[in-house]
1. So residue 176 passes all but one of these: (1) within 16 Å of residue 205 (Cβ to Cβ); (2) without any contact (Cβ under 8 Å) to a residue 60 or more places away in the chain; (3) surrounded by 23 or more Cβ atoms within 10 Å (Cβ to Cβ). Which condition number does it fail?
2. So if I check each of 156, 99, which one is in contact with a strand residue (DSSP E or B) (Cβ under 8 Å, 6 or more places away or on another chain) and more than 26 Å from residue 41 (Cα to Cα)?
3. If you scan segment 186-219, which residues turn out to be more than 27 Å from residue 96 (Cα to Cα) and either within 21 Å of the chain's Cα centre (by Cα) or in contact (Cβ under 8 Å) with a residue 24 or more places away in the chain (or both)?
4. Return yes or no: is residue 123 under 29 Å from residue 35 (Cβ atoms), at pLDDT below 95 and in contact with a helix residue (DSSP H, G or I) (Cβ under 9 Å, 6 or more places away or on another chain)?
5. Looking at (1) in contact with a helix residue (DSSP H, G or I) (Cβ under 6 Å, 6 or more places away or on another chain); (2) at pLDDT below 95, which is the only condition residue 50 fails?
6. The conditions are (1) buried (at least 17 other Cβ atoms within 10 Å of the Cβ); (2) assigned to a helix (DSSP H, G or I); (3) in contact with a helix residue (DSSP H, G or I) (Cβ under 9 Å, 6 or more places away or on another chain), and residue 111 fails exactly one of them. Which is it?
7. Restricted to segment 9-22, and to residues that are surrounded by 12 or more Cβ atoms within 10 Å (Cβ to Cβ) and modelled with pLDDT of 60 or more, which residue is nearest to residue 115 (Cα to Cα)?
8. With the condition being farther than 27 Å from residue 52 by Cα and in contact with a helix residue (DSSP H, G or I) (Cβ under 9 Å, 6 or more places away or on another chain), I'd like the helices (runs of 4 or more DSSP H) fully within segment 135-224 carrying at least 2 qualifying residues.
């Protein structure tokens, strides 16, 4: 395939209508957890973390939700939900995507440990992301090109990285660890969010464990949302633990 044919093929993928398949269905069908990425390697099963289903599906193009906020406890799968979304975008809904970790060094480490594992252990993603064999391969530590799109990974401490390009998809991980001002240019969440304003079909995903009440960034974002909570049934007390919302609306 010559350069013109490859360019046209990529353009056709970018213009393709978004699929009806949602993120949780994609993860159940294609995601495989490696030994280096999980204590339970093997096929991803959303039924093991049912509280992530609605969160992931809100990230699907078929959902009208534009911003999804996940305020959570530690180590319960928030980043993996974001990784599933990344895999879905690469495979089914390509477009420009920016993923932000608290620092550039953390972004590089996350790319090497989690994103590399995501791609290597998922055949449908290996087919779409070029191997990092040369400088011009399109696959570097902080940038992964694929037909119809690109994933750029940066830190919230880099103003240059946050304003590098317009993006349709924005994944902001562990936002409570972000500084409130980056390089004198303002709030990193606001800087990154500005990258999405040219896309009418944008998706933004904010994830974090909350820190200090009243100062927590994820708490503020959650309070500005519709404040959904996951209900957990207690077998011993035979009651639902959660908010005062009707538990019949939750799974």
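The values are calculated or read from the model by the stated rules, or taken from the named source; none is laboratory data. Owing to the predicted nature of the structure, the values given are computational and were not obtained by experimental measurement. Cβ placement follows ideal geometry from the backbone for every residue including glycine, while neighbour counts extend to all protein chains displayed.
1. (3)
2. Testing whether each residue is in contact with a strand residue (DSSP E or B) (Cβ under 8 Å, 6 or more places away or on another chain) and more than 26 Å from residue 41 (Cα to Cα) leaves just 156.
3. First, pick out the residues of segment 186-219 that are more than 27 Å from residue 96 (Cα to Cα): 210-216, 219.
Matches in segment 186-219: 210, 211, 216, 219.
4. For residue 123, the condition - under 29 Å from residue 35 (Cβ atoms), at pLDDT below 95 and in contact with a helix residue (DSSP H, G or I) (Cβ under 9 Å, 6 or more places away or on another chain) - is met.
5. Here residue 50 meets the rest and fails (1).
6. Of everything listed in (1) buried (at least 17 other Cβ atoms within 10 Å of the Cβ); (2) assigned to a helix (DSSP H, G or I); (3) in contact with a helix residue (DSSP H, G or I) (Cβ under 9 Å, 6 or more places away or on another chain), residue 111 misses just condition (3).
7. 22
8. Of the helices (runs of 4 or more DSSP H) lying wholly inside segment 135-224, those with at least 2 residues that are farther than 27 Å from residue 52 by Cα and in contact with a helix residue (DSSP H, G or I) (Cβ under 9 Å, 6 or more places away or on another chain) span 159-162.
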